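Scroll down for the structure; my scribbles are underneath it.
The values are calculated or read from the model by the stated rules, or taken from the named source; none is laboratory data. Since the model is a prediction, treat every value here as computed from it, not as a measurement. Heads up, the Cβs are rebuilt from the backbone with ideal geometry, glycines too, and the neighbour counts pull from every protein chain shown. With ligands, DNA and RNA removed, areas are computed over all heavy atoms of the protein, side chains included. Shrake-Rupley method; radii C 1.70, N 1.55, O 1.52, S 1.80 Å.
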Amino acid sequence: MLRVAIVDDEAEVRAELSSLIARYADEHGVRILVNEYADGRGFIESGAVEDIVLLDIEMPGINGMDTARLLRKGGVSSEIIFVTNMARYAIKGYEVGALDFVVKPVRYTSFAFKFRRAVEAASRKGSSRIGVGTREGLRYIDTDDIVYVEVMGHKLIYHGTRGSFEAWGTLKDVCKTLEPFGFALCNACYLVNLAHVVAVSQDMVTVEGGDELKMSRGRKRSFMDALTRPMGS
């Protein structure tokens, strides 16, 4: 599944782009998850690392070009397509490694051609890197390195192959980010990377490293369904 962010301060434009993406996905048989953001700051602070970013240039606060610079500074390699009515500025996209730009109002034919290039490039990368907000700032981690995420009080603890760290956020948002990468809840406190599960008993999930996580009765069926589902289905 590809993850796409639409970052634009105009709700109508976000809705239009979302509709174009849905049409493209339907015509090409591609699974795409779309997340919308009303400004660059909200997108950056979300910590989301998407495969493709459709980025407006003129936005209040952090404009699109500065948003792209912050992404690149943080090591994010998402495919960027600028969506703007100011093509002369979009041409400067080479400075931030943008793939292309489309001009408002967006026409499907032109959009589909350029979006296809982004889909192909993102698919080749197979990127699965996310940004996590911590006390020290944004921290980037490969989803493959996350064993499970634990809720403890009002904080999140990411248990990884290279150690653990505390982070900000809600489990609901973490689920939205990680479930497309093969994660599932075994109870209300643990979101587990299914690739790191080594054993399952009647009410316990054992992950790499030896941690045993309680599996609730209410989550057992959905967790086991996710665990036995073929990858990519």
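Computed values, structure above
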quantity: Spin-label pair Cys189/Glu120, simplified geometry with 7 Å Cα→Cβ offset, distance in nm; calculated: 5.0
quantity: Value of [θ]222 nm, deg cm²/dmol, for the chain, DSSP H segments ≥ 4, -39500 (n - 2.57) each, nearest 500; calculated: -10000 deg cm²/dmol
quantity: Surface per residue (accessible, 1.4 Å probe) for the chain, Å²; calculated: 52
quantity: The stretch 73-158 - charge dipole about Cα centre, Lys and Arg +1 at Cβ, Asp and Glu -1, debye rounded to 20; calculated: 480
quantity: GNM result for the chain, Cα springs below 10 Å: residue of Lys214, Lys172, Lys104 fluctuating most strongly; calculated: Lys172
quantity: Rg [Å, one decimal], Dmax [Å, integer] - the stretch 1-104, C-alpha atoms; calculated: 12.7, 37
quantity: Gyration tensor over alpha-carbon atoms, the stretch 104-217, equivalent ellipsoid semi-axes in Å; calculated: 32, 17, 14
quantity: Reachable lysines, given that their alpha-carbon falls under 21 Å from the alpha-carbon of Lys104 and they are not under 8 places away in the same chain; calculated: Lys92, Lys114
quantity: For the chain, size of Cβ-based charge dipole, Lys and Arg +1, Asp and Glu -1, in debye; calculated: 280
quantity: Gaussian network model of the chain, Cα within-10 Å springs - most flexible of Ile157, Ile57, Ile80; calculated: Ile157
quantity: Spatially proximal lysines relative to Lys220 (Cα-Cα < 28 Å; intrachain offsets below 8 disregarded); calculated: Lys155, Lys172, Lys176
quantity: From phi via Karplus (6.51, -1.76, 1.60), per-residue ³J(HN,Hα) for the stretch 5-13 in Hz, x at Gly/Pro; calculated: 9, 10, 10, 7, 7, 9, 4, 5, 5
quantity: For the stretch 145-211, Kirkwood radius (reciprocal of mean inverse C-alpha pair distance, Å); calculated: 12.0
quantity: Among Thr109, Thr161, Thr67: highest mean-square fluctuation, GNM of the chain, C-alpha pairs under 10 Å; calculated: Thr109
quantity: Efficiency of FRET between Leu171 and Arg72 - r from beta-carbon atoms, R0 30 angstrom, step 0.05; calculated: 0.50
quantity: Accessible surface of the chain, 1.4 Å probe, proportion on carbon and sulfur as whole %; calculated: 49
quantity: Listed values (i) 0.97; (ii) 1.05; (iii) 1.01, entry calculated as Rg/Rh (Cα atoms, Kirkwood Rh); calculated: (iii)
